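Reading through the structure tokens given below for one structure.
Just so it is clear, none of the values below were taken in a lab; they were calculated from the coordinates. All of these numbers come straight from a predicted model, not from anything done at the bench. Here Cβ is always computed from backbone atoms with ideal geometry, including for glycine, and neighbour counts include all displayed protein chains.
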Amino acid sequence: MILTDIKIKAAIQNGEIVIEPFRPECLGTNSYDVHLGKHMAVYQDQYLDAKKHNTVRHFEIPEEGYVIEPGELYLGVTEEYTETHTTVPFLEGKSSIGRLGIDIHATAGKGDVGFCNTWTLEISCVKPVKVYAGMPIGQLIYFKIDGDIENYYNKKSSAKYNERTQKPVESMMWKNKF
């Protein structure tokens, strides 16, 4: 079951969902619009190794915007910090972003109950596109869960993305055992 605008507002009022900053005008019929933060990153190496910590170079989007290019993976971040305690958040790109040929996530569109952070975006594009800090980039859709939870994401010792940040976070795949 997807939460409606009324249910999202009620969940925010009782602390089941946290969105900072919360802007009422960003609340849709059954979603909440999130915005591109000013921080981005790109990987420094030509190729990436899943067993190694691949380093990134962080930069800020200038006021006049930044042109993203095809063939590059950009890590962006939402302006909004979010928490979910009784719902599963799904992050989808806005249709206006898709119509510019921008994808905001390669595989990680679903959050976990207990995820408390900004969202790192895995941004790619099919044509060069100028992007701006603060532009609407995606929408959060909240699904109600059924049943009790044993392991909230923010309480798992193995969770790799719990440290609160305003910058995008690179892959922590290297922390897995394989």
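Rounded to the nearest whole Hz, the Karplus-based 3J(HN,Hα) values (6.51 cos²θ - 1.76 cosθ + 1.60, θ = phi - 60°) of segment 116-132 follow the sequence 9, 4, 6, 9, 7, 9, 9, 9, 9, 8, 9, 9, x, 9, 7, 10, 9, with x at glycine and proline.
About the centre of its Cα atoms, segment 88-132 shows a dipole size close to 260 debye [charges on the beta carbon of Lys, Arg (+1) and Asp, Glu (-1) only; nearest 20 debye].
Straight-line cross-link partners of residue 144 among the aspartates and glutamates, defined as a Cα under 16 Å from its Cα and at least 8 positions apart when in the same chain: 5, 16, 83, 112. Which shape class, rounded, prolate or oblate, goes with segment 33-121 when its Cα gyration tensor gives a ≥ b ≥ c as root eigenvalues, a/c under 1.5 marks rounded, and past that a/b bigger than b/c marks prolate? The shape class here is oblate.
The translational diffusion coefficient of the chain, from Stokes-Einstein at 10 °C and 1.306 mPa s with a Kirkwood hydrodynamic radius over alpha carbon pairs, comes to 93 µm²/s.
Between the amide H of residue 135 and those of 36, distances stay under 5 Å, these residues lying 5 or more places away or on another chain, with hydrogens modeled in the peptide plane. Normalised by the number of residues in the chain, the mean separation of alpha-carbon contacts (under 8 Å, six or more apart) gives a relative contact order of 30 percent. With the highest mean first, a sort of the peptides 56-68, 122-134 on other beta-carbon atoms found within 10 angstrom per residue produces 122-134, 56-68.
Converting phi to 3J(HN,Hα) with the Karplus coefficients 6.51, -1.76 and 1.60 and the offset θ = phi - 60°, segment 34-45 yields 10, 10, 6, x, 7, 9, 9, 8, 9, 5, 7, 7 Hz in sequence order, with x at every glycine or proline.
Would you mind pulling out the separation of the Cα centroids of segment 1-52 and segment 148-168, in Å? Here the answer is 15 Å between Cα centres.
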